């Protein structure tokens with residue numbers, strides 16, 4: 001099992017880290033270490049059905065994933081005054097839902113490769129196929145592994161090497177829940193996306209920027225990175241951008257937003 005992890009910090013603003021679909025908390029470790037080095041306490045959750053065996057993911061629903069996020073939030077809030085949430089892919093959708101449904105508990109968002117819409121239109125068939133096909137036929141292999149340009153990090157990734165259609169169905173259901181919530185989300189948000197993302201179309205960055213209700217939105221493109229930017233070639237830049245952003249959020253807590 002790849003389990004959750006926590007790193008201490010001295011700042012009052014903590015950051016909850018939420019990994020992506022079929023991933024593990026370890027894909028958030030480079031970001032977590034960068035934030036902790038700047039004084040932000042962090043806790044990286046392990047979503048239900050992840051980090052164990054892919055068969056466990058088949059049996060989970062998006063509400064189970066969200067329950068994992070809420071449990072992580074409660075753990076981190078026990079030792080921090082305020083909370084930001086940083087999500088990768090599916091983790092970003094869950095972070096958005098948390099910000100919409102628990103607005104008083106979320107001070108800021110760092111959203112990486114947010115999949116408001118997916119690239120492959122065939123995923124629309126996932127709900128039907130997952131019901132009519134035997135389980136062994138509803139597991140799609142990731143022929144090239146995770147969508148990471150860095151070969152060493154791609155090889156080291158402990159994400160599942162199969163994608164269950166049942167899990168894709170739940171991700172689609174979460175998308176349907178989150179998209180109407182965007183206009184209600186007003187927390188400061190940092191939006192990050194890999195230019196070479198093969199999993200989530202780059203157009204999602206603009207969809208998210210225009211859909212959010214927040215008056216404070218910053219966007220950055222990672223030019224050399226693929227989808228999992230938290231562990232890809234520019235992971236150090238992701239950490240720097242997130243830490244700088246959260247420092248500005250912390251500075252602005254009692255007044256107007258400072259210049260970025």
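The values are calculated or read from the model by the stated rules, or taken from the named source; none is laboratory data. All figures in this text were calculated on a predicted structure; none of them were measured in a lab. Cβ: placed from backbone, ideal geometry, glycine included. Neighbour counts: every protein chain shown.
Assorted remarks:
- Against the conditions (1) modelled with pLDDT of 90 or more; (2) under 25 Å from residue 202 (Cβ atoms); (3) surrounded by fewer than 21 Cβ atoms within 10 Å (Cβ to Cβ), residue 118 satisfies every one except (1).
- Of the residues in region 205-220, at least one is within 16 Å of the chain's Cα centre (by Cα), surrounded by fewer than 20 Cβ atoms within 10 Å (Cβ to Cβ) and part of a strand (DSSP E or B).
- Within the option set 106, 85, 110, being surrounded by fewer than 24 Cβ atoms within 10 Å (Cβ to Cβ), under 17 Å from the mean Cα position of the chain (by Cα) and either modelled with pLDDT under 95 or more than 18 Å from residue 159 (Cα to Cα) (or both) holds for one residue only, 106.
- Here region 57-74 is the region considered, the condition is being more than 17 Å from the chain's Cα centre (by Cα) and surrounded by fewer than 15 Cβ atoms within 10 Å (Cβ to Cβ), and the residue that is nearest to residue 39 (Cα to Cα) is 74.
- Only one of the numbered conditions (1) under 30 Å from residue 101 (Cα atoms); (2) in a helix (DSSP H, G or I) is violated by residue 154, and that is (1).
- Residue check for residue 252: surrounded by 14 or more Cβ atoms within 10 Å (Cβ to Cβ), more than 14 Å from residue 89 (Cα to Cα) and at pLDDT below 95: yes
- Counting the residues of region 88-103 that are surrounded by 24 or more Cβ atoms within 10 Å (Cβ to Cβ), touching a residue at least 40 places away in the same chain (Cβ under 8 Å) and more than 8 Å from the chain's Cα centre (by Cα) gives 2.
- Test: residue in region 34-45 that is modelled with pLDDT of 95 or more, crowded, with 21+ Cβ neighbours inside 10 Å, on the phi > 0 side of the Ramachandran plot and in contact with a helix residue (DSSP H, G or I) (Cβ under 6 Å, 6 or more places away or on another chain): no
- Considering each residue of region 144-151 in turn, at least one proves to be more than 25 Å from residue 218 (Cα to Cα), modelled with pLDDT under 95 and surrounded by 18 or more Cβ atoms within 10 Å (Cβ to Cβ).
- Complete set of residues in region 222-246 that are over 16 Å from residue 35 (Cβ atoms), without any contact (Cβ under 8 Å) to a residue 60 or more places away in the chain and surrounded by fewer than 17 Cβ atoms within 10 Å (Cβ to Cβ): 223
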